[in-house]
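See structure below.
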Number of protein chains: 2
Amino acid sequence: MKDTKKRAGSHDVARLAGVSRSAVSRAFTPGAYIADETRERVMAAAAMLDYQPNAIARSLSKNSSRLVGIIATDLENPFYSQLLVHMSTELQANGYAVLLMVSRSSHIDDYLSKLLQYQVDGVIVTAATLSSSMAVALQRSGRPVVLVNNYLRDGGVSSVSSDNYRGGRMVADLLVEAGRKRIAFISGEANTSSGRDRGLGLKDRLAELGMTIYAQESGEYRHAEAAEAARRLLSLSPRPDALFCANDVMAIAALMVARSEFGLRVPEDLSVVGFDDSDEATRQTFGLTTVDQHLDDMASKTVSLMLATISGDEKSVQHVVVPVSLVYRATH
Amino acid sequence: MKDTKKRAGSHDVARLAGVSRSAVSRAFTPGAYIADETRERVMAAAAMLDYQPNAIARSLSKNSSRLVGIIATDLENPFYSQLLVHMSTELQANGYAVLLMVSRSSHIDDYLSKLLQYQVDGVIVTAATLSSSMAVALQRSGRPVVLVNNYLRDGGVSSVSSDNYRGGRMVADLLVEAGRKRIAFISGEANTSSGRDRGLGLKDRLAELGMTIYAQESGEYRHAEAAEAARRLLSLSPRPDALFCANDVMAIAALMVARSEFGLRVPEDLSVVGFDDSDEATRQTFGLTTVDQHLDDMASKTVSLMLATISGDEKSVQHVVVPVSLVYRATH
DNA sequence: TCATAGCCTGCACACGTGTGCAGAGCCAAT
DNA sequence: ATTGGCTCTGCACACGTGTGCAGGCTATGA
């Protein structure tokens, strides 16, 4: 029975400092009307009891929790875990805390409603497709939402994503200039806007140059599936002389398969280009030519948009596009 | 002025259903004393207003937030991001939500106190060293804490970690049986218990076999630093014939350096052994021999311990050790 | 000495929910 | 008819904080 002590409340601090409970509240509220001398006395008492204001009660009273919900999918992919790190860091720096929901692609609705129960001030959804029923539920709840690296066709909710279409076009130019004739594409998950646009950019630019995509397989954004896709593509005859992968993870899988299973030299026999510029692409052994999505930029633009929407500075639905840039390394 | 509607409260539901507010609360409380017929009427009204109980208010009233704080470091390392995924999933399955704090190794105290302000029911700290001042602050706050993959010497707080010491010993046996004579060690960060114990296990077992660690360098658990360490070690003469790395990330870095910069054949010229059994180690190109930490087991034991401590079933400080096992692949 | 203005402070209510307690209604047994 | 017991409901208080409003105190000027 030693530390059965309850957590100290503002009432206890007030009594110890010889002031009212309101004074304690004001002492902890920046910019509130309170005499310096009083604040100091309150702070001293608070330190003595190691009092910390109860954020739950504060949230209830102020009708704002300073919580932002993040629904994260595919965290095994380093791209998304890094994105999470950057967004969290930035949110924390702005005085918000992160309520995390890890989702296996579906079930989003349940997680979302749980987030809403916790009165989050906003929700960031990464890489997952929002059911349209949930989109309207959110709209109605009035909570801001931002989709990252994905967007909805019918434009009801804000989004931030990189310029995937332009990235695809840039890769087309790069490969054609390198003299490639049979350009194959390993796509990501079918229902993601990001993967769709990357393929579309490639296809459109090739068409402008009088070419077409030589062959296409789905790699589901994952290593094993991409390796399978690469095996199928590289078994074609004539064999493709370039592989554009919608993902660095898949590009590295393809690279491994090309080198160790097909004995191909990269880039002499085959170009391989990825998308993301993940840490792994940097490794000397891979030296992967890829498209930089400017992850940090994407994260901070997402957070900025979220905060602006929460504060009411931004009332309209926004679709932010983050520019991409080619990273020339050794595989093209 | 269409959706200026405030979120519906239990009061609104009660009025619509023609019952008292208490009845609404009871309808949403499993096992509460309420007639089936009343519950149904309440639920119908709730659905009509799409009412969801306010978790913040509930937390305040029940003095329990059903939030668990997680302080995460080194999320770039796939091991830790996977750990986060598993723990979150399991917590969510048990009706808890996760309050995430991403930390750059230090500053932990600030994040921790923020978590406490949000009245989290418990805190899980991964891989970071807790300042002893914070350890006592936690102790005093009465909130359960579990350290994962790290522990404190002075045993004040519970922990879950794999049997790093035994893992080190197993690797020693493996390498000696493979006929290796000059076994070098690439260690992780100096102040982590995990890294320390892995090295200690190796050293102790080698000593029992009449051998010593041939050389040792720190790789800070990171790719670039480990590559540097590998370069230094492989430049020694005579050159080591085995590299035990405290981490898969570092083992793969060493593997790349050994093959592409020193032209060594693995395992003919050199053994490389890692620790974690990450997805990357699985890749055929690497085929890394490593120590499986049974990540999922670790995660679920952590969550179980946390939940047991929260519910009061477990009052004492526990140190759970998760068994490890060797994974024989192609690099030893 | 008195009036006035200005700075602070305390009162009291609000935020939305959980729950102990007393009592209402009903059924069955005596 | 009376009593006892059982099931359910509503009242009212509690959780810990923010904040509008009125009023107290001090200083200044007349």
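The values are calculated or read from the model by the stated rules, or taken from the named source; none is laboratory data. Small disclaimer: the values here were computed from a predicted structure and weren't measured. When we count neighbours, we look across all protein chains shown, and the Cβ atoms used for this are built from the backbone with ideal geometry, even at glycine. Only protein heavy atoms, including side chains, enter the accessible area calculation; ligands, DNA and RNA are left aside. Shrake-Rupley method; radii C 1.70, N 1.55, O 1.52, S 1.80 Å.
Relative to the longest principal axis of the Cα atoms of chain A, the long axis of helix A:132-141 lies at roughly 20 degrees. Between segment A:111-153 and segment B:244-297, the alpha-carbon centres lie 41 Å apart.
I'd like the orientation of helix B:295-311 relative to chain B: the angle between its Cα long axis and the longest Cα principal axis, in ° from 0 to 90, rounded to 10. That works out to roughly 40 degrees.
Which percent, nearest 5, of DSSP beta bridges in the protein assembly as shown are antiparallel?
Values: 9 of 77 bridges.
Antiparallel bridges: around 10 percent, rounded to the nearest 5.
Going from the chain on its own to the full set of protein chains, segment A:48-79 has these residues losing 50 Å² or more of accessible surface (heavy atoms, 1.4 Å probe, no ligands, DNA or RNA): A:GLN52, A:ALA55, A:ILE56, A:LEU60, A:GLU76. Going from the chain on its own to the full set of protein chains, segment B:241-267 has these residues losing 10 Å² or more of accessible surface (heavy atoms, 1.4 Å probe, no ligands, DNA or RNA): B:MET256, B:SER260, B:GLU261. Each other copy holds its own label point for B:SER64; taking that point as 7 Å from Cα along Cα to Cβ, the gaps run 3.2 nm, nearest first. Rounded to the nearest 10 degrees, the inclination of helix B:78-93 to the longest alpha-carbon principal axis of chain B is 30 degrees. Note on segment A:209-260: with neighbouring protein chains present and a 1.4 Å probe, carbon and sulfur make up 50 percent of its accessible heavy-atom surface. Once the mean of 1/r is taken over each pair of separate Cα atoms and inverted, segment A:106-255 shows a Kirkwood hydrodynamic radius of 16.9 Å. When the protein assembly as shown is described by a simple charge dipole with +1 on each Lys and Arg Cβ and -1 on each Asp and Glu Cβ, the residue from A:MET256, B:ASN150, B:ILE183 located farthest towards its positive end is B:ASN150. Rg and Dmax of the protein assembly as shown, both derived from C-alpha coordinates alone, stand at 27.7, 87 Å. Kirkwood radius for segment A:10-53, taken over all pairs of different Cα atoms as the inverse mean of 1/r, rounds to 9.8 Å.
Annotation note: trypsin sites (Lys or Arg not before Pro) in segment B:216-277 located in DSSP loop regions with a Cβ neighbour count of at most 15 within 10 Å are B:ARG265. State in Å² the accessible area per residue of segment B:17-93; use a 1.4 Å probe, count heavy atoms of protein chains only, and round to the nearest integer. I get 48 Å² per residue for this part. In this structure segment A:164-292 gives 38 Å² per residue of accessible area when probed at 1.4 Å with all protein chains present.
Checking every one of the GluC sites (Glu not before Pro) in segment A:209-259 against DSSP loop status and a limit of 14 other Cβ atoms within 10 Å picks out no site at all.
What the phi angles of segment A:263-275 give under the Karplus curve with 6.51, -1.76 and 1.60, with θ = phi - 60°, is a coupling list of x, 8, 9, 10, x, 4, 8, 7, 8, 10, 10, x, 8 Hz, glycine and proline written as x.
I need to check one value: relative contact order of segment B:164-292, counting alpha carbon pairs closer than 8 Å and at least 6 residues apart, in percent.
Values: 255 pairs, mean separation 30.4, N = 129.
Once divided by the residue count of segment B:164-292, the mean separation gives 24 percent.
Residues of segment B:68-104 falling in the label zone of B:VAL327, defined by backbone nitrogen less than 12 Å from a point 7 Å along Cα to beta-carbon, are B:79.
Across identical copies of the chain, A:PHE262 has label-point separations of 3.2 nm, listed in ascending order, with the point defined 7 angstrom from Cα along Cα→Cβ.
Positive end of the dipole of chain B (Cβ unit charges, origin at the Cα centre): among B:MET298, B:MET87, B:PRO267, the Cα lying farthest that way belongs to B:MET87.
Using C-alpha pairs below 8 Å separated by at least 6 residues, the relative contact order for segment A:4-126 is 25 percent.
Separation of the alpha carbons by more than 26 angstrom is noted, of A:LYS62/A:LYS315; B:LYS6/B:LYS114; A:LYS315/B:LYS114; A:LYS114/B:LYS6; A:LYS62/B:LYS62, for B:LYS6/B:LYS114; A:LYS315/B:LYS114. For segment A:97-199, the set of trypsin sites (Lys or Arg not before Pro) satisfying both a DSSP loop assignment and a count of at most 10 other C-beta atoms within 10 Å is given as A:ARG153.
Charge dipole (Cα centre; +1 on Lys/Arg Cβ, -1 on Asp/Glu Cβ; no other charges) of chain B amounts to roughly 1020 debye.
Grab the beta carbon distance between B:HIS319 and B:LEU49, set R0 = 41 Å, and tell me the FRET efficiency rounded to 0.05. Efficiency at R0 = 41 Å is approximately 0.25. Each Lys or Arg adds one and each Asp or Glu takes one away; over the other residues whose Cβ falls under 14 Å from the Cβ of A:LEU234, this sums to +1. Placing a label point 7 Å from the Cα of A:LEU200 along the Cα-to-Cβ direction, the distances to the matching points in the other copies come to 5.8 nm, shortest first. This model, with +1 at the C-beta of Lys and Arg and -1 at the C-beta of Asp and Glu, gives the protein assembly as shown a dipole about its Cα centre of some 1920 debye. Here the sum of -39500 (n - 2.57) over DSSP H runs of 4 or more residues, divided by the residues of chain B, equals -13000 deg cm²/dmol at 222 nm, to the nearest 500.
Give the relative contact order (percent, whole number) for chain B; include only Cα pairs under 8 Å separated by 6+ residues.
14 percent
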